[in-house]
Protein chains: 2
Amino acid sequence: MLTSKIGEALVKAPSFESALNEVLKILYSYWDVRHSFISFFDPESQTLKIVSAFGLTKEQIRRAIFKKGEGMVGKVFKNELPVLLQDLEEKGYLNKLGLKDVVERGTSFLAVPLKTADQVLGVFGVFKKFKEGESKEKALELLQTLGTFISITYLINKKHSQERAFWE
Amino acid sequence: MLTSKIGEALVKAPSFESALNEVLKILYSYWDVRHSFISFFDPESQTLKIVSAFGLTKEQIRRAIFKKGEGMVGKVFKNELPVLLQDLEEKGYLNKLGLKDVVERGTSFLAVPLKTADQVLGVFGVFKKFKEGESKEKALELLQTLGTFISITYLINKKHSQERAFWE
């Protein structure tokens, strides 16, 4: 089951970043997600930056910096609401990543905010081509669940780091 | 959203046990779950013991000790599969807890293993009366998701405790 594997990766990986890389690899292996990214909000620069990516070039990662409210990613972060865009090639979205030209026909973009009940940390985005009959609503729900796993892991690790720093 | 609130509780609570207590209170407030428990497997006694409970007496908690494979709880742990029992009063299940006599007519029992991809830690059980049209499949899915949150939290906390002990 996808959620079990991802739960396992988040617990076992030696670092948070390697955990995220593993999560995106699992999404590729088990859910056919060929391009994906996890962005966190950097309070210093007040922008969302990619912390882990799969199927993106260094250039695309470098360009994928968004202010709160900027582009689809910035809007997901600002509104704290998920988004699903179908048939990317027909719309003028996602030009900043330059991905519109490299993804397959019929690919959709799904993004969810990484959040707990009172704070939003970043955005989790995937590019997925849905099979016939595959439910888009279930896909968004699954992504939201995985997003909550990631948020919990991040915040618990952060809590422990702060405690350690306090005692050192 | 229930999963956000529970994610928040797992991150913010001062101890793992208080986090679990908070989770069960949230299930009562937001999902009308009047009786629930979270059991972990104790390797020393080789039994499942309740670590957190809501709506159970001290006596019921004390009695709710199960070996692997014993009763519904022990079977969920051994088989690593969820279970849903409808209309408890009509069956001879769950006698050990003595709950059969105190829950409302039409209450169902749902239990999921607490697990990640390669280890099973315990069992998460709730007693719920479903409303008309409320999906039992979705309820089990939700419980499995919450179970994974709990497992992730437990294992990450454990990992940090072990690292701290190593350096002290």
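Could you work out what % of the accessible surface of the protein assembly as shown is carbon and sulfur, using a 1.4 angstrom probe and leaving DNA, RNA and ligands out of the count?
Heavy-atom surface of the protein assembly as shown belonging to carbon and sulfur, 1.4 Å probe: 50 percent.
Any of A:128/B:25; B:5/B:131; B:136/B:159; B:12/B:49; A:159/B:58 with alpha carbons more than 28 Å apart? Name them for me.
Listed pairs above 28 Å: A:128/B:25; B:136/B:159; A:159/B:58.
Treating only the Cα positions of chain A as identical point scatterers, give the base-10 log of I(q)/I(0) from the Debye formula at each q in 0.08, 0.15, 0.19 Å⁻¹.
Taking Cα atoms of chain A as identical point scatterers yields -0.23, -0.81, -1.32.
With N denoting the number of residues in the protein assembly as shown, provide Rg(C-alpha) divided by 2.2 N^0.38 Å, to two decimal places.
Ratio of Rg to 2.2 N^0.38 Å for the protein assembly as shown: 1.07.
In Å², rounded to the nearest 100, what is the total accessible surface buried by chains A and B against each other with a 1.4 Å probe?
2400 Å²
Mind checking which of B:49, B:138, B:78 has the largest fluctuation in a GNM of chain B, springs on alpha carbons under 10 Å?
Among B:49, B:138, B:78, the largest GNM mean-square fluctuation belongs to B:138.
Hey, what angle do you get for helix A:2-12 against the long axis of chain A, alpha-carbon based, 0 to 90 degrees rounded to 10?
30 degrees
From the residues B:43, B:125, B:114, which one has its Cα farthest along the dipole of chain B in the positive direction, the dipole being from +1 and -1 charges on Cβ of Lys/Arg and Asp/Glu about the Cα centre?
Working it through, the farthest residue towards the positive pole turns out to be B:43.
5 Å is the cut-off here: which amide hydrogens, built 1.01 Å from N in the peptide plane, fall below it relative to residue B:51, excluding neighbours closer than 5 in sequence?
When sequence neighbours closer than 5 places are left aside, the close amide H contacts are B:38, B:39, B:40.
Per residue of the range B:73-78, what does 6.51 cos²θ - 1.76 cosθ + 1.60 with θ = phi - 60° give for ³J(HN,Hα)? Whole Hz please, x for Gly and Pro, Karplus curve as stated.
Taking θ as phi minus 60°, the curve returns 5, x, 6, 4, 5, 5 Hz for the range B:73-78.
Taking each residue in B:143-155, count the Cβ atoms of any other chain within 10 Å of its Cβ, then average. What number comes out?
That works out to 5 on average.
Once phi is turned into ³J(HN,Hα) by the Karplus curve 6.51 cos²θ - 1.76 cosθ + 1.60 with θ = phi - 60°, what whole-Hz value does each residue of the range B:114-125 show in order, with x for glycine and proline?
8, 8, 10, 4, 10, 9, 10, 9, x, 9, 10, x
For the range A:29-47 and the range B:130-168, what is the separation of their C-alpha centers, rounded to whole Å?
Their Cα centres are 23 Å away from one another.
Which far-off residues, 5 or more places away or on another chain, put their amide H under 5 Å from the one on residue A:35, with H placed in the peptide plane?
Result for residue A:35 returns A:127.
If packing is taken as the average number of other Cβ atoms within 10 Å across a peptide's residues, how do A:4-13, B:79-88 rank, most packed first?
Packing order, densest peptide first, comes out as A:4-13, B:79-88.
Direction-averaged shadow area of the convex hull around the Cα atoms of the range B:15-59, nm²?
The directionally averaged projection comes out at 3.6 nm².
The values are calculated or read from the model by the stated rules, or taken from the named source; none is laboratory data. All values derive from a computational prediction rather than experimental measurement. Note that each Cβ is placed from the backbone with ideal geometry, even for glycine, and that neighbours are counted across all protein chains shown. When the accessible area is computed, the model is the full protein with side chains, heavy atoms only, and any ligands, DNA or RNA have been set aside. Shrake-Rupley method; radii C 1.70, N 1.55, O 1.52, S 1.80 Å.
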